[in-house]
Every structure is written in C-alpha cells, then in structure tokens.
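Nothing in this text is a laboratory measurement; each read-out follows from the coordinates by a stated rule. Because the structure is predicted, anything quoted here is derived from the model rather than measured. In this analysis, Cβ positions are derived from the backbone assuming ideal geometry, glycine residues included, and neighbour counts consider all displayed protein chains.
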Amino acid sequence: MADMLKVGLVLMLVALVAAVALGFVNSRTAPIIAIQKELAKQNAMNSVAENLSPGDSLAFDSLSVTGLKNPYASCDNTLSIVQVSAPPDTSRIGYVFIAFGKGYSSTVQTMVAVGLEGVISNTMILFQQETPGLGANIVKPSKLIEKFNGLTSSECLLTKDGGGIDAMTGCTITSRTVTNSIRTGLEAMSEAGLFSSVDTEGGTE
C-alpha cells in the first residue's frame, strides 16, 4: 500500500512539474506565435490583393459594415471585411475577406480579393486539412482557385450545380465547399451595399 502511495505521489509531482513547465513555455512562445500569424496574414493579404493595384504598395484597414450578414456562422467564424487602398491615396480600391466552408474533413479557409464592382481579383487557400492527394490539392491554384478570377458572385457555381466552374477530379465536396463559401461571402457583401455594380441575378443560377 505504501509503495502504491509513493508511486502515486511521484506521478503527481511529475505531472505538476510538466504542467508548470508547459505553462511557462506557452507564456513565452504565445506572443511570438501571435506575431508570426499576424505577419503571415499580412503577407497573404498583400499577395492576394496585388492585382487590385499592380505595382503599388497596399494598405489594409478593418471595415465595420452595418447590416452585414454572416454566412459563416455554421463554421463558427465570421465574415470580416478589410478595405484595401494604395497609399498615399486613401480611397478604397477593393476588399479582402476570408471565406470559411466545411469540406470533406476540415474547415477550408480561402482568402479572397475583390474589386469595388464585386469582381474577384484573386484567391488563396489559407488553411485546409483535406484528404492528401485529393482535396488537399486545393492549395494548387491551377486546380481550382485560379478559376474564380474575374468572376462575380452569381458565376461562382460548379458545373454540377448549374455554373461554369469544373470541380477537381474526385473532389466535388472540397470544390463545392470553396466555391459556395466564396459565393455566399460575396452575396453578403453585395446585400450590404459594398459593391457599386455587381451582377447578382444575371449569372448562371
């Protein structure tokens, strides 16, 4: 009995020391990780928005939009809009947002740059954990996301759903996830009056 208590106390002490050490390491590394994530996000925004004003340095500012619906609530995320300008001019030249959609095995995050008239300028996959060799190929621009460039919300539909975008071979779920998440984000922005002239009815529904 005494041996069992001794072993139990030793294990408890080991667990306590490990917990304290883990907490210490986390307190030291958490700020660094947060900074790295913010830098990665900034780099991604610069990359995806570069077509809005080629050759210019870009500025990004969070935008509060009254009446903006959230199409990503089912993914436990929100639609956050970032306005883009080209300093020293402070006038808005477009927007950047992250689209969220539940794929085959993960919530796929797609960063989208869109012009003032609701036309997609560029897209980039920020996060995915889809099936390797299949849905995970979504990170390769030529597989799908390049096909969104130049489209409006009404045109963001797979061929199988009546649109003109071909799904990746064997990856309809992931393809539909990305396509629908982008479309619903653009529709919410249009309904909130962010686009000056966007085709919301004339596309292939």
Self-check item: Residue selected from the range 117-141 under the condition of a type in the set (Ser, Thr, Tyr) and closer than 24 Å to Lys41 by Cβ, by the criterion nearest to the chain's Cα centre (by Cα)
Solution: Thr123
Quiz item: Is one or more of the residues making up the range 157-165 out of contact with any Gly (no Cβ under 6 Å at 6 or more places or on another chain), of a type in the set (A, V, I, L, M) and farther than 23 Å from Leu63 by Cβ?
Solution: yes
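Examine the range 150-158 for a residue that is surrounded by fewer than 18 Cβ atoms within 10 Å (Cβ to Cβ) and on the phi < 0 side of the Ramachandran plot, and state whether such a residue exists.
no
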Quiz item: What are the residue pairs meeting all of these: first residue in the range 77-106, first residue farther than 30 Å from Thr131 by Cα, second residue part of a strand (DSSP E or B) and basic (Lys, Arg), Cβ atoms under 8 Å, and 6 or more apart or on different chains?
Solution: Gln83/Arg92; Val84/Arg92; Ser85/Arg92
Practice problem: Taking the residues in the range 141-158 that are polar (S, T, N, Q) and in a loop (DSSP other than H, G, I, E, B) as candidates, determine which candidate is nearest to Gln109 (Cα to Cα). | Solution: Asn149
Quiz item: Which one of Ser190, Ser142 is closer than 29 Å to Ser85 by Cα, touching a residue at least 40 places away in the same chain (Cβ under 8 Å) and among the small types (Gly, Ala, Ser)?
Solution: Ser190
